[in-house]
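The values are calculated or read from the model by the stated rules, or taken from the named source; none is laboratory data. Being a predicted model, the structure only gives us computed values, none of them experimental. Counting neighbours? That spans all protein chains shown, and the Cβs are built from the backbone with ideal geometry, glycine included. Keep in mind that these areas ignore ligands, DNA and RNA; they rest on the heavy atoms of the full protein, side chains included. Shrake-Rupley method; radii C 1.70, N 1.55, O 1.52, S 1.80 Å.
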Amino acid sequence: MAKGCEICGKGNKYGNKVSFSNRTSRKAWAPNIRRVKAIVDGSPKRIKVCTRCLRSGYVERAL
């Protein structure tokens, strides 16, 4: 499953993992994505949403 929010577009972030001895290697941070049933254009639909958008109320859940 692709890690990306369909509301805000939040995706993976990349950077360096740095060890205690200061050696570096590449690392990826993935957003916390949930697959929820939401109201989209008046009908229920399954979409991938980050938990920040869920918590902020950008998505109307279809229960």
Item to check | Amide hydrogen neighbours beyond the local backbone of Cys8, cut-off 5 Å, H modeled | outcome: Cys50
Item to check | Derived scalar couplings ³J(HN,Hα) [the range 24-29; Karplus, 6.51 cos²θ - 1.76 cosθ + 1.60; whole Hz; x for Gly, Pro] | outcome: 10, 8, 6, 9, 10, 10
Checklist entry - Could you give the accessible area per residue of the range 1-46, probe 1.4 Å, as a whole number in Å²? => result 84 Å²
Checklist outcome for this item: Under the helix-only model (-39500 (n - 2.57) for each DSSP H run of 4 or more, divided by the residues of the chain), the mean residue ellipticity at 222 nm, to 500 deg cm²/dmol, is -2000 deg cm²/dmol
Item to check | Exceeding the 24 Å Cα-Cα cut-off - candidates Lys3/Lys37; Lys17/Lys48; Lys13/Lys37 | outcome: Lys17/Lys48; Lys13/Lys37
Item to check | Label assignment, Rg/Rh (Cα atoms, Kirkwood Rh) derived from the structure, set [x] 0.95; [y] 1.17; [z] 1.19 | outcome: [z]
Checklist entry - Carbon-plus-sulfur fraction of the accessible area of the chain, 1.4 Å probe, in percent? => result 47 percent
Next on the checklist: Can you compute the modelled spin-label distance between Cys8 and Asn32, with each label point 7 Å from Cα toward Cβ, in nm?
Outcome noted: 1.2 nm
